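The values are calculated or read from the model by the stated rules, or taken from the named source; none is laboratory data. A quick note: this is a predicted structure, and the numbers were derived from the prediction, not measured. Neighbour counts run over all protein chains shown; Cβ positions are idealised from the backbone, glycine included. Ligands, DNA and RNA are excluded from the accessible area calculation, which covers all protein heavy atoms including side chains. Shrake-Rupley method; radii C 1.70, N 1.55, O 1.52, S 1.80 Å.
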Amino acid sequence: MTDLFAPLPLRDLEIPNRIAVSPMCQYSCEPDGLPTEWHRVHLGSRAVGGAGIVMTEATAVNPQGRITPHDLGIWSDDHAAALAPTAEFIRDQGGVPAIQLAHAGHKASKTRPWEGNVPIPADAEKGWEVLSPSPDAYPPFDGDRPSMREATGDDIQGVIDDYRAAAERALSAGFEVAEVHAAHGYLLHEFLSPVTNRRGDDYGGRFENRSRLVREVTAAVREVWPDDKPVFVRISGTDWLDDRESWTIEESVRLADDLAALGADLIDVSSGGIHPDQEPPVGPNFQVPLAEEIRERTDVAVGAVGGITEPEQADALVRNDRADLVLVGREFLRDPYFGLRSSDTLDGDREWPIQYRRAVR
Ligand code: FNR
């Protein structure tokens, strides 16, 4: 039986266990997208803590794609060089360094959560014009709408090119998994969902058109990501808006198949984020049924995330064939050693680092 500490082989990469640190924005860059000591210590601690995969926060493929001025970015070679020591440290600890490549779309140009998470106008010192599939489609969760531009054909091509270049840089920095962020109401999800996409061109309307951008971005990343290394895509399995035309699990299953055909190796299944009327049934494992459904109805591996806090709970998801990988977010903020704790609890094979062994033996 496969359990949480069974290695996960994807292409030629063997992920040592099924626990991943879910991507989590730290909003801790100076307004330049470069990592700071905070990122190195934050990601490094979780690598010491036994995660099989340590994934960076949403890392913007261009400056316009940041949620806040303090987000991490990878739009220049300097950004890649600054991330390289962290990727190397994660590998040295026996983990797999992964990077989430992101564009925030219409949810960009905001203050940090602890500054109110409010839109920064484009003409303010730290603000910028944001990109959206449709001019007035996105209802803000809070604050006024920032200044927004409907993506032109050139903008769309620019986003695809920026994803490709970001993936090339991520590879040069030493990352072994690239994850395309297509969830949570950010740009690629804004194109997928009929709630935010009202376009009349090849990128709007029917499923094939709404999903065109995420397919083109995934193909562009795949083009430059080596054949022996996996690509993940994080999607929102549903918009949780059953009362209106919206993105559903049916479309997610179809998309997962399409992305797998383009070379995606794992679908990381989250949900929501597109509209403030969403009604997610939050609680332990609340998104797992979405991952499970994609796993059952396609041939692609899936990651489950959301409300997973206990080693036994994570282990049961793998043992019961509900998910191939378990991504853990907030519990890893509470306890950077969640991986080691899980190994101790479940008789896994992950050893405490030699420097710490006098504390546990
Ligand atoms: C997040 N989340 C998130 N998701 C993502 O895809 N990219 C990101 O950069 C972030 N940033 C982020 C920051 C912080 C502080 C939190 C708490 C969350 C969502 C996260 O990856 C995860 O999907 C959710 O937190 C649900 O999982 P948990 O926390 O219940 O394990």
Considering region 104-125, residues that are within 12 Å of the ligand (Cβ to nearest atom) and assigned to a loop (DSSP other than H, G, I, E, B), and then whichever is farthest from Leu192 (Cα to Cα), we arrive at Arg112
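Take region 10-41 and flag every residue that is among the polar types (S, T, N, Q) and either surrounded by fewer than 23 Cβ atoms within 10 Å (Cβ to Cβ) or touching a helix residue (DSSP H, G or I) at 6+ places or on another chain (Cβ under 6 Å) (or both). It would help to see each step written out before you state the result.
Looking only at region 10-41, we keep the residues that are among the polar types (S, T, N, Q), and these are 17, 22, 26, 28, 36.
Gln26, Ser28, Thr36, listed by residue number.
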Among helices (runs of 4 or more DSSP H) completely within region 149-235, the ones holding 3 or more residues that are within 20 Å of Ala104 (Cα to Cα) and not polar (S, T, N, Q) are 153-173, 187-192, 212-224
Determine if region 80-92 includes at least one residue that is at pLDDT 95 or above and within 12 Å of the ligand (Cβ to nearest atom).
no
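Filter region 321-334 for residues that are out of contact with any strand residue (DSSP E or B) (no Cβ under 8 Å at 6 or more places or on another chain) and open to solvent by 30 Å² or more (accessible area, probe 1.4 Å); which is farthest from the ligand (Cβ to nearest atom)? Even if it seems obvious, please write down each step before you answer.
Narrowing region 321-334 to residues out of contact with any strand residue (DSSP E or B) (no Cβ under 8 Å at 6 or more places or on another chain): 321, 330-331, 333-334.
If we keep only those that are open to solvent by 30 Å² or more (accessible area, probe 1.4 Å) too, we end up with 321, 330, 333-334.
On the way: Asp321: 21, Arg330: 3, Leu333: 7, Arg334: 10 Å.
Checking each candidate, the answer is Asp321.
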Picking from Pro276, Pro289, the residue that is touching a residue at least 60 places away in the same chain (Cβ under 8 Å) and surrounded by fewer than 18 Cβ atoms within 10 Å (Cβ to Cβ) would be Pro276
Only one of Arg18, Arg46, Arg40 is more than 15 Å from the ligand (Cβ to nearest atom), of a type in the set (Lys, Arg) and closer than 30 Å to Ala359 by Cα, namely Arg40
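Select from region 295-320 the residues that are among the hydrophobic types (A, V, I, L, M, F, W, C), more than 19 Å from Pro23 (Cα to Cα) and within 16 Å of the ligand (Cβ to nearest atom) and list them in ascending order.
Passing the criteria: Ala316, Leu317, Val318.
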Among residues of region 338-353 being crowded, with 19+ Cβ neighbours inside 10 Å and not small (Gly, Ala, Ser), the residue nearest to the ligand (Cβ to nearest atom) is Phe338
Picking from Ala304, Ala314, the residue that is without any contact (Cβ under 8 Å) to a residue 60 or more places away in the chain and out of contact with any Gly (no Cβ under 6 Å at 6 or more places or on another chain) would be Ala304
Conditions (1) in contact (Cβ under 8 Å) with a residue 60 or more places away in the chain; (2) open to solvent by 10 Å² or more (accessible area, probe 1.4 Å); (3) within 23 Å of Ser270 (Cα to Cα) -> Pro7 fails only (1)
Condition set open to solvent by 20 Å² or more (accessible area, probe 1.4 Å) and under 26 Å from Phe175 (Cβ atoms), scope region 225-256, selection nearest to the chain's Cα centre (by Cα): answer is Lys229
Quiz item: touching an Asp or Glu at 6+ places or on another chain (Cβ under 8 Å) and open to solvent by 10 Å² or more (accessible area, probe 1.4 Å), is that true of Pro119?
Solution: yes
Within region 193-212, the residues that are hydroxyl-bearing (Ser, Thr, Tyr) and either open to solvent by 20 Å² or more (accessible area, probe 1.4 Å) or within 20 Å of Ile67 (Cβ to Cβ) (or both) are Ser193, Thr196, Tyr203
Checked against (1) open to solvent by 20 Å² or more (accessible area, probe 1.4 Å); (2) in contact with a helix residue (DSSP H, G or I) (Cβ under 7 Å, 6 or more places away or on another chain), Ala102 satisfies every condition except (1)
Restricted to region 168-192 and to residues being open to solvent by 10 Å² or more (accessible area, probe 1.4 Å) and more than 15 Å from the ligand (Cβ to nearest atom), the residue nearest to the chain's Cα centre (by Cα) is Glu176
Among the residues of region 213-223, is there at least one that is more than 29 Å from Ala98 (Cβ to Cβ) and open to solvent by 60 Å² or more (accessible area, probe 1.4 Å)?
no
Filtering region 286-308 for residues that are part of a helix (DSSP H, G or I) and farther than 18 Å from Gly263 by Cα leaves a count of 7
